[in-house]
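Here is the structure we will look at, set down as structure tokens.
The values are calculated or read from the model by the stated rules, or taken from the named source; none is laboratory data. Just so you know, these numbers come straight off a predicted model, no measurement behind them. The accessibility values were calculated without ligands, DNA or RNA, using every heavy atom of the protein model including side chains. Shrake-Rupley method; radii C 1.70, N 1.55, O 1.52, S 1.80 Å.
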Amino acid sequence: MSTGDMSPGETGQPGVHNIDAAFALVPEPWQPHRLTSVNDYDVKVARLRGSFIWHAHPDTDELFLVVSGLLTIQLRDREVELGPHDVFVVPQGVEHCPFAEEEALVVMFEPKGTVNTGDRPGERTSELRELPD
């Protein structure tokens with residue numbers, strides 16, 4: 001099998017992963033899917049729409065890369081506005097609440113095992129999903 005023949009859901013293997021094709025396979029907002037992994041990190045794709053919950057990740061930073069749309073990262077002392085191709089890192093332990101008035105397509109880099117709701121488990125907690133073949 002050549003490296004270009006692997007589906008986006010196959011992680012830990014060399015291969016080409018197309019972000020646009022991956023987003024086409026993500027049906028619902030706030031449901032992160034693994035695009036691939038690198039070392040001890042997952043590269044996740046998600047559709048974001050509406051408001052999430054206030055939470056923090058006590059043990060890790062969280063990187064957001066906006067592919068399309070507009071994303072606001074609400075922090076307790078300010079708001080960070082992100083547009084297409086903008087990157088922002090929420091520092092470890094900082095409370096934040098992502099918000100997208102209209103749909104935003106976002107790539108996130110987080111250590112494997114990072115829970116989307118961080119220190120606030122509840123009904124918005126979603127297990128990391130694999131992209132369908």
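Key figures
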| quantity | calculated |
| --- | --- |
| CD proxy at 222 nm, helix term only [per DSSP H run n ≥ 4: -39500 (n - 2.57); per residue of the chain; nearest 500] | -1000 deg cm²/dmol |
| For residue 31, distant residues with modelled amide H under 5 Å away | 47 |
| Rounded, prolate or oblate (a/c below 1.5 giving rounded, otherwise prolate when a/b exceeds b/c) for segment 30-98 by Cα gyration tensor | oblate |
| Length released on extending from residue 28 to residue 85, taking residue separation times 0.36 nm less the Cα-Cα span | 18.4 nm |
| Cα gyration tensor, segment 14-63 - rounded (a/c under 1.5), prolate or oblate | oblate |
| Nearest-10 value in Å² for the accessible area of residue 87, using the 1.4 Å probe | 90 |
| Accessible-area order (highest first, 1.4 angstrom probe) of the listed residues 85, 96, 17 | 85, 17, 96 |
| Largest to smallest accessible area among 64, 88 [probe 1.4 Å] | 88, 64 |
| Gyration tensor (alpha-carbon) shape descriptor, the chain, a/c threshold 1.5 | prolate |
